[in-house]
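The structure appears right after this line, and notes come after that.
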Amino acid sequence: MARGKKIYEGKAKTLYEGPEPGTIIQYFKDDATAFNGEKHASIAGKGVLNNRISAHLMTQLESIGVPTHFMKQVNMREQLVRKVEIIPIELVMRNIAAGSLCKRLGVKEGTVLSRPLVEYYYKDDSLGDPLVGEDHCMVMGWADPYELEEMVNMAWRINDYLNGLFAGIGLRLVDFKLEFGRVWDEDGNLYVLLADEICPDTCRLWDTKTGEKMDKDRFRFDLGDLVEGYQYVAEKLGLIPESGIMQDGSVDEKLAEKLSNIENELASARKLRSINKAKPRKA
Ligand SMILES: Nc1ncnc2c1ncn2[C@@H]1O[C@H](COP(=O)(O)OP(=O)(O)OP(=O)(O)O)[C@@H](O)[C@H]1O
Ligand SMILES: [Mg+2]
């Protein structure tokens, strides 16, 4: 599939114009960064694994009715997605205390929260993606109340689904980060889609039995080989063979290329639900 001009180079992915207007090719890089870019490394295999895992999770979510930007996995490093206008808010859903929540509030890591907690972070690297409240999102014009409601509803649904999915393969979904974007149809109706990626870079996943961390914290805190953790997740999800996709420290290209032929094309079948911006009627 022909990819067009480079649009954006992020820390984990590069975006190119897609073959049709309104589409984008997401290229998953091997780069790993942490602490707002302070720590950086290139880790062979990471891009391939994240592409595969994210394509799979997005497909699963589509199948339960969560509208996503995902269209198709193109090859081992690239996927075709719908171009959206990214809402500049990272929504974090937490089930168990970890990471910045522990640091900020002094909660002990591993504390199971009384219910899932939704947090918003303003997407701005120069400010270090600060924690913000719902009111900030609305007053600053990053999202309106209807969009926020749609995002939160989707996040709860995603959390319920992914909790079960990961529990079934012996992993605890500790927390995860979501990004959403806007698209409009010809009639000007607005749709909010799940965008970006869902993978061990953006989720915390702990082994149920051993507590071993299988996510990006391996890189952040030097807890072990990152690719081993990501391969563990991919293998448990049934996406790669037990023997993994690496050979002598690099990706087994032949094997990895075959992994991209699996995911289906949901784009044509998708049914989107536009946001109803009408004021709720008083009872
Ligand atoms: N469907 C989409 N349409 C347009 N942009 C998208 C889409 N999905 C994801 N993006 C954006 O593409 C970029 C992905 O690159 P990457 O994840 O590497 O960025 P990043 O380094 O984390 O930077 P950022 O702080 O901008 O997220 C992000 O800015 C993300 O918001
Ligand atoms: Mg990102």
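Bear in mind these aren't lab numbers, they're just calculated from the coordinates by the rules spelled out. Note that the structure is a prediction, hence the values are computed from the model and not measured. A quick note on method: Cβ atoms are made from the backbone with ideal geometry, for glycine too, and the neighbour counts reach across all protein chains shown.
Amide H contacts under 5 Å for M246: D252, restricted to partners 5 or more places along the chain or on a different chain, H placed in the peptide plane at 1.01 Å from N.
In loop segments of segment 24-130 as defined by DSSP, the chymotrypsin sites (Phe, Trp or Tyr not before Pro) with at most 16 further C-beta atoms inside 10 Å of their C-beta are F35. In terms of distances greater than 26 angstrom between alpha carbons, the cross-link table entries K46/K108; K46/K83; K108/K213; K103/K177 yield K46/K108.
Once you order the gyration tensor axes a ≥ b ≥ c over the Cα atoms, which shape class does segment 86-208 get: rounded for a/c under 1.5, otherwise prolate or oblate by comparing a/b with b/c? Note, shape of segment 86-208 comes out oblate.
The amide H of I87, built 1.01 Å from its N in the peptide plane, has F180, G181, R182 as neighbours under 5 Å, considering only residues 5 or more places off or on other chains. For segment 65-125, GluC sites (Glu not before Pro) meeting the loop criterion (DSSP other than H, G, I, E, B) and having at most 13 other Cβ atoms within 10 Å: E109. Close amide H contacts of K72 (hydrogens built in the peptide plane, cut-off under 5 Å, sequence separation of 5 or more or a different chain): L80. Phi angles across segment 71-79 convert, under the Karplus curve 6.51 cos²θ - 1.76 cosθ + 1.60 with θ = phi - 60°, into 3J(HN,Hα) values of 10, 6, 7, 8, 7, 5, 10, 10, 9 Hz, Gly and Pro given as x. Calculated mean residue ellipticity, 222 nm, the chain: -8000 deg cm²/dmol, from DSSP H runs (n ≥ 4) at -39500 (n - 2.57) each, averaged per residue and rounded to 500.
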